[in-house]
Amino acid sequence: MFVPGKVIHVYSHRGVYKAAYVPRTFKELRRISLAGNMLSNHTAKSYFEGLLEVQTVRDAQESPPTWTAYDEDDTCCCCANRFTWASTSDSEAQEARDKHNCRSCGGLTCDPCSRNRVPISSIGLTVPVRVCDRCYNDILGGVSAASSPMTSSLLAGDEVERSLSDCSSASVHEEEKEKPERRRQKRSVVVDDLVSQMRSSALT
């Protein structure tokens, strides 16, 4: 069994949607992986909004920041506490659920320090997304100018099709090389100092 017609694979990379044409024989298409949001993510509205984000991300001034991997840090980049400090459980599974990447700097933050949402138009995110408290306070002054409604960036179907037709692995790599990456300091000196003091006190 093969999927008919052209197949566009929409995927998430560093918190933004990207798209690429894949062949009908693409191995991952031969099986269906069950997920809790698989029905809501495959509605016509979700497809349309996903393709709009793909377009705005391609037209953005910067590429999204590099994300800190879950195994690279064990403390929040804002408060320097362990990620489970506000949870009733301290298990590894709970720690994984309480870790979040800030869309502005890419750092790992706990849930209480990342409850604010703002659009980041410089990387193509025109709807409010999760950011850490430090980035939220840094960009708060420019939110009103950057938060244009999603409907203002509606694109005609032929423009989306034209953009996707240029999508190949080579063109994607060239696009990433041309765009400067959004760079923000993920941790402040104060936070790093707090973490070092906490670790040294734990050892003594």
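Read-outs: derived from the displayed coordinates by stated rules, not from any lab. Only a predicted model underlies this, so the values are computations on that prediction, with no experimental measurement involved. Please note: Cβ atoms are built from the backbone with ideal geometry, for glycine as well, and neighbour counts cover all protein chains shown.
Here are the numbers:
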{"quantity": "Eligible lysines near LYS179 by straight Cα distance, threshold 19 Å, same-chain separation 8 or greater", "calculated": "LYS18"}
{"quantity": "Least to most buried among ILE8, ILE32, ILE120 (fewest other Cβ within 10 Å first)", "calculated": "ILE32, ILE8, ILE120"}
{"quantity": "Residues CYS102, CYS135 arranged by fewest to most Cβ contacts within 10 Å", "calculated": "CYS135, CYS102"}
{"quantity": "Order by protection proxy (mean Cβ within 10 Å, highest first), peptides 105-111, 33-39", "calculated": "105-111, 33-39"}
{"quantity": "Ranked list, fewest to most other Cβ atoms within 10 Å of each Cβ, for THR56, THR88, THR66", "calculated": "THR88, THR66, THR56"}
